[in-house]
Amino acid sequence: MNLKTKALKKSLWVYHMSGGSCNNCDIEILDCLTPKFDIERFGMVLVGSPRHADVLLCTGIVNKKCVERVKEVYKQTAKPCVVVAIGSCACSGGMFRDGYQMGGPLDTIIPVDVYIPGCPPKPEAMIAGIVKFLEKLK
Amino acid sequence: MSAIYIFLSFVMVFLSFSICGMLAMWMDRKVTARLQFRVGPPWYQNFADFIKLTGKETLIPEKANTFMFIAAPVLGLIATTIAGTIILLILKNQVSFSTDAILILYLLTIPSLSIILGGSASGNVLAAVGISREMKLLLGYELPFICTLVISAIKSGTTTSLGSIIQFQQQNGMILGSFSGVIGFIIGVLSLQGKLGLVPFDLAEAEGELAGGSLIEYSGILLGLFKLTKAILLIAGPLLLISLYLGGFSISSITGVITGILKYILILVLFILIKNTNPRLRIDQTLKLFWGWLTLLGFAGILLAIAGW
Ligand code: SF4
């Protein structure tokens, strides 16, 4: 493993993108930043622009309006980037899988690296998911 | 002094200031985290960030002016490093000319200008809002910052040479010990806070509403260069303030270096305290603060300095 990959593992900048979620997953993501979980100790910070991001956290069934936007944000992100599907909605469609607005799930639109199911997943689950991915990263 | 020596000291300043600056940025993040009852990042965090950014793809937006987009961060980095080199050579007593403080003042404006140039070259609307704020901020803090310089210059016998200001303080004690000195120091700290874009004045990079502000389109190594500029500025700015008000320090003896580090940490602690106890100001509030209160205070300081207080 070279130095740059090592540095990448120690400094993941996260961009949070909502593809039509019910807002609960987004709140759980913000929970990760609170003193109790404090993901900054792993070097993860929330950034405002996809150009700065290493990780795209996508929540929600990607509804039909959001499909193009999600693709656009993925194109705008500087590679290498990791795409994480947060919540049952983004992983599979969850309870909205038969909905008329369903445009996803996420992996039919952009390549997904990590799936974190749950409705909403706990912050512990998200941290565990990312850590498992980092262990596999070469 | 030969050209090679100057070039070598330029490289040395670049390396040492960026390393120290990143450590200072880490201290800032760590203390902020501890104040919020968090653990905070490890000490190598900013180095990891920078190395990671060198490995990322650098995207240049379609609408951007490619040359300016790439040149802006390089320009800012070089200007800050030159300012740092001059300050360090003055502290080593090797360079001194009659208007060097004014030159440093100009050089320290260029990093903000480079953000404005880069932001406007990227052709993004949010960046445009960011740079308009950055421009107003620049106009705002420049005037009080000049007052800071003028107060110190008057106190040390009307000289604009940083070398003589330091010499004056070595013979007569720090300028901070006088009334006008305290005023000038306070204004200087606040203006530097604005220059560094730290929290009460971070409106140009507002993560929340501007998505990264002026730097929104920057990625990869170019973003890394902006971070590096900020790290060097975080050393060079306080060093200027130390030379103007805290009597400078000599870098040839160990005790000199230790007092220098202590003085630097004092200023850094002030920055972190102000950062963590204040919410972000709106642009009109910022201008009111800089052009209203601080400029008035600055003029009062100049009058006091002329009166000899
Ligand atoms: S997974 Fe559950 S909590 Fe998350 S967006 Fe879907 S419905 Fe909401």
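General observations
- All positions within segment B:1-18 that are touching a residue at least 24 places away in the same chain (Cβ under 8 Å) and open to solvent by 30 Å² or more (accessible area, probe 1.4 Å): B:Met1, B:Ile6, B:Phe10, B:Phe14
- Breaking point among (1) closer than 30 Å to B:Ile166 by Cα; (2) under 14 Å from the mean Cα position of the chain (by Cα), for B:Asp202: (1)
- Test for B:Phe47: is it open to solvent by 30 Å² or more (accessible area, probe 1.4 Å), touching a residue at least 12 places away in the same chain (Cβ under 8 Å) and within 14 Å of chain A (Cβ to nearest Cβ): yes
- Flag if A:Cys25 is out of contact with any His (no Cβ under 9 Å at 6 or more places or on another chain) and either within 16 Å of the ligand (Cβ to nearest atom) or closer than 28 Å to B:Gly119 by Cβ (or both): yes
- Considering residues of segment B:214-225 that are under 19 Å from the mean Cα position of the chain (by Cα) and crowded, with 23+ Cβ neighbours inside 10 Å only, the residue modelled with the highest pLDDT: B:Leu225
- Members of segment A:5-17 that are more than 9 Å from chain B (Cβ to nearest Cβ), out of contact with any Cys (no Cβ under 8 Å at 6 or more places or on another chain) and farther than 12 Å from A:Cys81 by Cα: A:His16
- From the list B:Ile175, B:Ile86, B:Ile115, the lone residue that is in contact (Cβ under 8 Å) with a residue 12 or more places away in the chain, crowded, with 21+ Cβ neighbours inside 10 Å and within 22 Å of A:Ser49 (Cα to Cα) is B:Ile115.
- Residues that are of a type in the set (Gly, Ala, Ser) and within 8 Å of chain A (Cβ to nearest Cβ), drawn from segment B:22-44: B:Ala33, B:Gly40
- Qualifying residues in segment A:52-67 (those that are away from every other protein chain (no Cβ under 14 Å) and among the hydrophobic types (A, V, I, L, M, F, W, C)) - the one farthest from the ligand (Cβ to nearest atom): A:Val67
The values are calculated or read from the model by the stated rules, or taken from the named source; none is laboratory data. Everything numeric in this text was worked out from a predicted model, so none of it was measured. In this analysis, Cβ positions are derived from the backbone assuming ideal geometry, glycine residues included, and neighbour counts consider all displayed protein chains. All accessible areas refer to the heavy atoms of the entire protein, side chains included, with ligands and DNA or RNA removed. Shrake-Rupley method; radii C 1.70, N 1.55, O 1.52, S 1.80 Å.
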